[in-house]
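Accompanying notes for the structure given below.
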Amino acid sequence: MKGNSYEAARQVLDNYIEQNNCRKTPERFAILEAVYGFTSYFSLQDLSGRLEEMNFPVSRATLYNTIKLLLALRLVVCQRLYDGMRYKACYGDNRCVQVCTVCGKVMEVKIPEIAETLDGIHLKRFRKESFSVYIYGTCSTCQAMLTRQKKKESTNKNKHYNEYGKRQS
Ligand SMILES: [Zn+2]
């Protein structure tokens, strides 16, 4: 499965490079291969480490530029997490992703209804291959944290009013 999507992604990159008369640098393909070797989200640091393991160290600039290209070609998706950017190979993946807008936690969920609905939809002059759905909201941990915070704020406010006049601050 992963092998197939790597081959398909490689084809997309190949086509792009040919169409745009870019140079076929081995770095780009090595980076793509490393990217598609990860089964989950990774940081640029992880990617750099993986390339070193493959005996294919690349400069920070090459890594950054290639990831930018892979993002533009939709071969990679990125998510901003609380501790920085994370990337993931995405070609051929049907994904439904929950994103917590407070802590940035990303979780893939299975929603067969969405796949079924999209399967049944015919798009004009377009052959669909895969889809990504992002569902933004607040995770249960953050919801609990926010509720606690609100409670604390309202108690503090009450305290402030009650003691107003007695305290100098
Ligand atoms: Zn959260």
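Could you go through segment 107-128 and let me know if any residue there is more than 16 Å from the chain's Cα centre (by Cα) and either among the polar types (S, T, N, Q) or within 16 Å of the ligand (Cβ to nearest atom) (or both). Yes, because at least one residue in segment 107-128 is more than 16 Å from the chain's Cα centre (by Cα) and either among the polar types (S, T, N, Q) or within 16 Å of the ligand (Cβ to nearest atom) (or both).
Right, residue 99: in contact (Cβ under 8 Å) with a residue 12 or more places away in the chain, over 25 Å from residue 133 (Cβ atoms) and surrounded by 15 or more Cβ atoms within 10 Å (Cβ to Cβ) or not?
No: the conditions fail for residue 99.
A single member of 147, 138, 117 is modelled with pLDDT of 90 or more, surrounded by 12 or more Cβ atoms within 10 Å (Cβ to Cβ) and farther than 22 Å from residue 6 by Cα, and it is 138.
Of all residues in segment 130-144, those that are within 19 Å of residue 95 (Cα to Cα) have Cβ atoms under 6 Å from Cβ atoms of residues that are away from the ligand (no atom under 13 Å from the Cβ) and aliphatic (A, V, I, L, M), 6 or more apart or on another chain, in 131/118; 133/114; 134/97.
If you take the residues in segment 129-154 that are part of a helix (DSSP H, G or I) and more than 16 Å from the ligand (Cβ to nearest atom), which one is farthest from residue 98 (Cα to Cα)? Per the stated criteria, the residue is 154.
For segment 85-106, a residue qualifies if it is more than 16 Å from the ligand (Cβ to nearest atom) and of a type outside the set (Lys, Arg), and the qualifying residues are 85, 87, 89, 90, 91, 92, 93, 94, 96.
Residue-wise test of (1) more than 22 Å from the chain's Cα centre (by Cα); (2) among the aliphatic types (A, V, I, L, M).
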| residue | (1), (2) |
| --- | --- |
| 19 | yes, no |
| 23 | yes, no |
| 38 | no, no |
| 44 | no, yes |
| 47 | no, yes |
| 54 | yes, yes |
| 60 | no, no |
| 72 | no, yes |
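Each row is one residue, and each column tells you yes or no for (1) among the acidic types (Asp, Glu); (2) within 22 Å of residue 106 (Cβ to Cβ).
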| position | (1), (2) |
| --- | --- |
| 7 | yes, no |
| 11 | no, no |
| 18 | yes, no |
| 27 | yes, no |
| 33 | yes, no |
| 37 | no, yes |
| 48 | no, yes |
| 58 | no, no |
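Residues in segment 52-59 include none that are away from the ligand (no atom under 16 Å from the Cβ), within 30 Å of residue 146 (Cα to Cα), touching a Ser or Thr at 6+ places or on another chain (Cβ under 9 Å) and free of Cβ contacts under 8 Å to residues at least 60 places away in the same chain. For segment 65-76, does any single residue satisfy the condition of being touching a residue at least 40 places away in the same chain (Cβ under 8 Å), within 16 Å of the ligand (Cβ to nearest atom) and outside any helix (DSSP H, G or I)? No - not one qualifying residue is present in segment 65-76.
The values are calculated or read from the model by the stated rules, or taken from the named source; none is laboratory data. Keep in mind the model is a prediction, meaning the values are calculated, not measured. Glycine gets a Cβ as well: all are built from the backbone with ideal geometry, and neighbour counts include every protein chain shown.
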